[in-house]
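In what follows, a structure is listed as structure tokens, so that the remarks can point back to it.
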Amino acid sequence: MSKLVSVIMTVYNENEELVTKSLNSIINQTYKNIEIIIVLDNPDNKDIKHLLIRYSELHENIKLIFNEKNLGVASSLNRAFNIASGEYIARMDSDDISKNNRIEKQVTVLDTYKEYDLVSSNCWKIDEKDNIVGEVNVNVSNEKIKKLLLISNFLIHPSWLLRRDLFIELNGYRNFECSQDYDFLLRMITKGKKIFLLDEKLVEYRVRENSISTSRAFKQYLIARYIKSLYYERKRNNGKDSFSIENLNNYFKINKLIIDEMKFNKSKTIVDLVKSEKTIIKKAIMSFYAISYSKFSRHMIGSKIQFNVNKIM
């Protein structure tokens, strides 16, 4: 008998059309032994609440949780897991689209390769009108994945399928307002867990203008750096780190969250222009300007170069 897969998802302010596309992509999977657990993390979003109730009435494998107040993604996903019954846990975001054979292919990987604990995939990046605007296309081994994750989180969260026991061992997500998936992955590799990256684009990953990654990029940048520092702390201290919300807030203060934010955003704009420049000479000139502009742009350019070099070595 096929193993039950619990797909866990949170919804906050996504519009009905995007949520409908996302839900349909999971409902119409070729792999049928699936339950879908959806947490509405915005009690005021009545339209989405009614949409989810309609879906649950039509599909008995959909379970709903309505938070009484906004808890954030990490806590909401943990609530979803607490009522999940699946031997495998799949992640899905409420505005992304899974290819109809995604779950089937990923279950096959974990069924076949017992030494792996999590399987992810590459993806297309799409805008709010479903136009393809980019891609994530990396084909590397587990050992290379571990090295690359210390430079950048390139594994797409809504493409994950993982073993239930892994989620339990890590005690789920920790309470970061963003990048909780990055913290999960680095805690995984601290424990020597293995990651399989499918060299197929099984997810269409939506890039929205008002997403956390664009509107709060500086805070996300600092949280990611804090998460890396926790990884190295665990390496020194037999797997233990000093994570707490208080320590995270102190990290923000030390790194001058408000003062440096404008400079970071300008740096990010410059680096994005470097990436989009097609002419080699202009790209070189822009790169030199970016490197000289700020510590942030130097770090972004350096990380990109380091990632690409390590990917092919």
Exercise. With label points built 7 Å along Cα→Cβ from the Cα atoms of Ser244 and Asn142, find their separation and express it in nm.
Key: 3.5 nm
Practice problem: Find, among the GluC sites (Glu not before Pro) in region 139-240, those assigned to loop by DSSP (not H, G, I, E, B) with at most 15 other beta-carbon atoms within 10 angstrom. | Solution: Glu177, Glu209
Quiz item: Per residue, how much accessible area does the chain have with a 1.4 Å probe, in Å²?
Solution: 50 Å²
Quiz item: Taking R0 as 25 Å, what's the FRET efficiency between Asn13 and Lys253 from their Cβ-Cβ distance, rounded to 0.05?
Solution: 0.30
Self-check item: Förster radius 45 Å - calculated FRET efficiency between Gln306 and Glu57 (Cβ-Cβ, nearest 0.05)
Solution: 0.35
Quiz item: Among the listed pairs Lys21/Lys49; Lys144/Lys191; Lys194/Lys268; Lys125/Lys304; Lys201/Lys311, which are separated by more than 21 Å between their Cα atoms?
Solution: Lys194/Lys268
Exercise. Answer rounded, prolate or oblate for region 29-88, using the Cα gyration tensor with square roots of eigenvalues a ≥ b ≥ c: rounded when a/c is under 1.5, else prolate when a/b is larger than b/c, else oblate.
Key: oblate
Quiz item: To the nearest Å, what is the center-to-center distance of region 74-126 and region 242-299, using C-alpha atoms only?
Solution: 32 Å
Quiz item: Just for region 72-200, what percent of DSSP beta bridges are antiparallel, to the closest 5?
Solution: 70 percent
Quiz item: So what does log10 I(q)/I(0) come out to for region 1-148 at q = 0.09, 0.16 Å⁻¹, using the Debye formula with one equal point on every Cα and no solvent?
Solution: -0.30, -0.95
Quiz prompt | Accessible carbon and sulfur surface of the chain relative to its total accessible area, %, 1.4 Å | solution = 51 percent
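The values are calculated or read from the model by the stated rules, or taken from the named source; none is laboratory data. This structure is a prediction, so every number in the text was calculated from the model and none was measured. Here the Cβ is made from the backbone with ideal geometry for all residues, glycine too, and neighbour counts use every protein chain on show. Only protein heavy atoms, including side chains, enter the accessible area calculation; ligands, DNA and RNA are left aside. Shrake-Rupley method; radii C 1.70, N 1.55, O 1.52, S 1.80 Å.
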